[in-house]
Amino acid sequence: MTKLLRSLHVLAAIVAVGPVTVAASMFPATLRRALGTSGDGGARTTLRTLHRSCRVYAGIGIAVPLFGFTTAGSLGVLGDTWLITSILLTAAAAAVLALLVLPAQDRALAETTSSASPLPAPTPLAPGRLAMLTGIFNLLWATVTVLMIIRPGSTTGV
């Protein structure tokens, strides 16, 4: 049963977190194009698609910690330091995504679609700040992934 739970946990992470990571990473560069002087309509469409992907897969991503807790319980490692650290980093990544990245994408979409005419040059910080927040989200998830693979101090052998 543990192998099945671990497989579901890893598959959920790949299927849910992977698309969020990619879509969120593509968003800032696409935002720069959409805010450019040419008023690229294709970039605006791409922004909407990327944002929708982030929102949908973030919702699906709730399965990752659910399967993770179930797997950890079956392995008897709920109190291990590496797992507690992973849980805290996962919570931080979820908070960055839900409280910073997705709202910033919402605001960016509102700015790019509020007028049919090309927008004036944006503040250079807006896409850059969004790229920074997305990078933090990605680094948190990468750290969790490494902790899940290495499991420092684990004695389960699985």
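The values are calculated or read from the model by the stated rules, or taken from the named source; none is laboratory data. Here the structure is a predicted model, which means the values were calculated and not measured. Here the Cβ positions follow ideal geometry from the backbone for every residue, glycine too, while neighbour counts run over all protein chains shown. Note: accessible area is taken over every heavy atom of the protein model, side chains too, but ligands, DNA and RNA are not part of it. Shrake-Rupley method; radii C 1.70, N 1.55, O 1.52, S 1.80 Å.
When you work out D = kT/(6 pi eta Rh) for the chain at 37 °C and 0.692 mPa s, using the Kirkwood radius from C-alpha pairs as Rh and the Stokes-Einstein form, the result is 195 µm²/s.
Legend: calculated FRET efficiency, V22 to I149, from the Cβ-Cβ distance at R0 = 22 Å, rounded to 0.05, equals 0.60. Rolling a 1.4 Å probe across the protein heavy atoms gives the range 1-110 an accessible surface of 50 Å² per residue. A simple spin-label model places the labels of E111 and I62 3.0 nm from each other, with each point 7 Å out along Cα-to-Cβ. Looking at P127, L102, T113, which one has the Cα that reaches farthest to the positive end of the dipole of the chain (charges on Cβ: Lys, Arg +1; Asp, Glu -1)? The listed residue farthest towards the positive side: T113. Carbon-plus-sulfur accessible fraction, the chain (probe radius 1.4 Å, protein heavy atoms only): 72%. Once the C-beta distance of L139 and A29 is scaled by a Förster radius of 22 Å, the resulting FRET efficiency is 0.75 to the nearest 0.05.
Computed from the C-beta positions of T85 and L4 and an R0 of 25 Å, the FRET efficiency is 0.50 to the nearest 0.05.
The charge dipole of the chain, taken about its Cα centre with unit charges on the Cβ of Lys, Arg, Asp and Glu (plus for the first two, minus for the last two), comes to roughly 200 debye. Backbone phi angles across the range 2-12, fed through the Karplus curve with coefficients 6.51, -1.76 and 1.60 (θ = phi - 60°), yield HN-Hα couplings of 4, 5, 5, 4, 5, 4, 5, 4, 5, 4, 4 Hz in residue order; Gly and Pro are listed as x.
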